[in-house]
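The values are calculated or read from the model by the stated rules, or taken from the named source; none is laboratory data. The shown structure was predicted, so the numbers you read here are calculated from the model rather than taken from an experiment. Cβ coordinates were reconstructed from backbone atoms using ideal geometry, including for glycine residues, and neighbour counts include every protein chain displayed.
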Amino acid sequence: MHLLDMTAAELAEALAAKTVSAVELTRACLERIAAVEPKVHAFITVCAEEAFKQAADIDRRRLRGEPLPPLAGIPVAVKDNICTAGIRTSCASRMLQDFVPPYDATVVMRLKQAGAVVVGKTNMDEFAMGSTTEYSFFGPTRNPWRHEYVPGGSSGGSAAALAARAVPLALGSDTGGSVRLPAAFCGVMGLKPTYGRVSRYGLVAFASSLEQIGPMARSVRDLALLYDAIGGWDDYDQTTLPAEFIPTLPGLNKEIKGLRVGVPAEYFGPGLESAVREKVRSRLKVLQDLGLIVEEISLPTTEYAVAAYYVIAMAEASSNLARYDGVRYGHRAAGRDILAMFTRTRQEGFGPEVKRRIMIGTYVLSAGYYDEYYRKAQEVRTLIRRELEAAFTRCDLLLTPTAPVLPWMMGEKQRDPLTMYLADCCTVPANLAGLPGLSLPCGFVDGLPVGMQLLGPALSEPLLLRVAYHYEQAAASCHATPPEGGGAGGI
Ligand code: GLN
């Protein structure tokens, strides 16, 4: 098997057995990146020098016989809104085009402690606002399966890098679906953890009450490996949960028979493409064969989730992005006085989608509209959370599509932001309720990947990963093999 087709777990074994060195593996990754980048453009920054240094250090330690941590020598790609000391972190924005953080995000620090080798920073929608990775100041990422299609977003670079076999592991961030949607569109896996399970220290803020950093990979084992490496309490992020972090990897094999899976009718209603419905529904049989009990349920507040999400996310964005004023961070434009400098800086530094959101966010928070929009959205958020919590008293987990549609053509929805926002209808409820969500591949339609989503109650990551693991064994053929003529072969 080619080195880069291997999972992180398999690579860890090969590295431990010294059949390959960390430096050789890093070189293979960088060569692969160089080969696919002209077509896919998954990376904003490739950090070859730092990666080789880290890899050489791991190799030296291995030769000395030191006991090494679980990800020692494994290459990983990091979304470009997660701070990396000494390596540019641009958020795909002109505003932060030259921003080099003086510190590592907690997740990056933990990755390094686990021995992982950061090979590059991945492309994304500017400040993580979008569903296609087209809103990047550095140009769009393309779907490795079919290049004329979007890879999903906003962590499209991380998902495409995985699908293109450029890295075995990647980090994304998920405010309203940005880990899960691109995972689905690129035929890989992604987990949005329970709010507070993974530190946000060093994640550039978009909508702080909604977002989490999440692991992305091509196998459930790898997803668990990465999640276990980054999760848990962090002194630097007081929103992290004090509940003990129980590693998920050792429990993947545990029994799942008898678990109850709810299938909410509203996620399979109008607006869902029939090919997606068929694919996801057909997987119910796999779960039943594994001994799970499937139950149809109803979650009537689901239809309000997108509206509530966009009001809250934009309100928080307008506040979080106020710091980009030409003084404290990033880009500064010339101006005859402070106000002119401030205005021009923001005019030049932000792209159109970010400006749209700052304007709408400011509007919904303004006196007179606050009650009508922001407060109402918060009330809806509470209803959605309560409804989901009630559902989890009856079911252990829920199964839904990850997106209601197949990946669309590049450029297709750019002029109509509303239809793009609607593609988030299956993913935003988990963010509003702070619950974990996992996207898994469930086959292809016309050479384009389809994803399904498992949702669970707070802190149910071990359970979601376990069910995903059993599903993966039972349905390997739905995600491992590229379809006839599938694009990944062509990259
Ligand atoms: N697509 C959603 C948005 O544009 C989600 C983005 C995200 O999760 N960062 O807001």
For the range 54-94, give me each residue that is over 27 Å from E10 (Cα atoms) and of a type in the set (A, V, I, L, M, F, W, C). C83, A85, I87, C91, A92
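Being surrounded by 13 or more Cβ atoms within 10 Å (Cβ to Cβ) and among the charged types (D, E, K, R) is the requirement here; does R344 meet it?
So R344 fits the description; yes.
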Return yes when M420 is within 23 Å of S208 (Cβ to Cβ) and of a type in the set (A, V, I, L, M) and no when it is not. yes
Identify, by number, the condition in (1) surrounded by 18 or more Cβ atoms within 10 Å (Cβ to Cβ); (2) more than 17 Å from L454 (Cα to Cα); (3) away from the ligand (no atom under 15 Å from the Cβ) that A243 doesn't meet. (1)
Restricting attention to the range 445-461, does a residue exist that is of a type in the set (A, V, I, L, M, F, W, C), over 15 Å from G190 (Cβ atoms), within 16 Å of the ligand (Cβ to nearest atom) and modelled with pLDDT of 95 or more? no
Let me confirm something: among L398, L435, which residue is within 20 Å of P193 (Cβ to Cβ) and in a loop (DSSP other than H, G, I, E, B)? L435
Taking the range 266-305 only, how many residues are β-branched (V, I, T) and either within 16 Å of A391 (Cβ to Cβ) or free of Cβ contacts under 8 Å to residues at least 60 places away in the same chain (or both)? 5
Mind listing just one residue for me: the one in the range 344-380 that is of a type in the set (F, W, Y) and assigned to a helix (DSSP H, G or I) and, of those, farthest from L432 (Cα to Cα)? Y363
Which numbered condition V118 misses (of (1) more than 16 Å from the ligand (Cβ to nearest atom); (2) in a loop (DSSP other than H, G, I, E, B)): (2)
Output for the range 234-245, where each listed residue is touching a residue at least 24 places away in the same chain (Cβ under 8 Å) and either over 25 Å from A9 (Cβ atoms) or among the acidic types (D, E) (or both): D234, Y236, D237, T239, T240, L241, A243
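Out of the residues in the range 414-429 that are within 11 Å of the ligand (Cβ to nearest atom) and of a type outside the set (D, E), state the one that is farthest from T301 (Cα to Cα).
First, pick out the residues of the range 414-429 that are within 11 Å of the ligand (Cβ to nearest atom): 417, 420-425, 427-428.
Those still in the list that are of a type outside the set (D, E) too: 417, 420-423, 425, 427-428.
Numbers: P417: 23, M420: 20, Y421: 17, L422: 15, A423: 17, C425: 12, T427: 14, V428: 12 Å.
For the range 414-429, the residue satisfying everything is P417.
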Considering the range 407-426 alone, what residues qualify as being assigned to a loop (DSSP other than H, G, I, E, B) and over 21 Å from L455 (Cβ atoms)? P407, W408, M410, G411, E412, K413, Q414, R415, D416
Condition check for L398: away from the ligand (no atom under 16 Å from the Cβ), buried (at least 16 other Cβ atoms within 10 Å of the Cβ) and more than 19 Å from G176 (Cα to Cα): no
Unique match (being in contact with a strand residue (DSSP E or B) (Cβ under 8 Å, 6 or more places away or on another chain) and over 29 Å from C186 (Cβ atoms)) among R346, R386, R328, R394: R394
Members of the range 301-317 that are within 13 Å of the ligand (Cβ to nearest atom) and over 20 Å from the mean Cα position of the chain (by Cα): A307, A308, V311, A315
Check L465 against each of (1) under 16 Å from the mean Cα position of the chain (by Cα); (2) among the hydrophobic types (A, V, I, L, M, F, W, C); (3) within 16 Å of the ligand (Cβ to nearest atom) and name the one condition it does not meet. (3)
Residue count, the range 283-329 (criterion: of a type outside the set (A, V, I, L, M) and assigned to a helix (DSSP H, G or I)): 16
Going through the range 88-117 one residue at a time, which ones are surrounded by 21 or more Cβ atoms within 10 Å (Cβ to Cβ) and among the hydrophobic types (A, V, I, L, M, F, W, C)? C91, A92, M95, L96, A105, V107, V108, L111, A116, V117
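Tell me yes or no: at least one residue of the range 101-113 is in a loop (DSSP other than H, G, I, E, B), of a type in the set (A, V, I, L, M) and within 20 Å of V198 (Cα to Cα).
Yes - at least one qualifying residue is present in the range 101-113.
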Suppose we keep only residues that are of a type in the set (K, R) and assigned to a helix (DSSP H, G or I) within the range 7-36. Which one would you say is surrounded by the fewest Cβ atoms within 10 Å (Cβ to Cβ)? R27
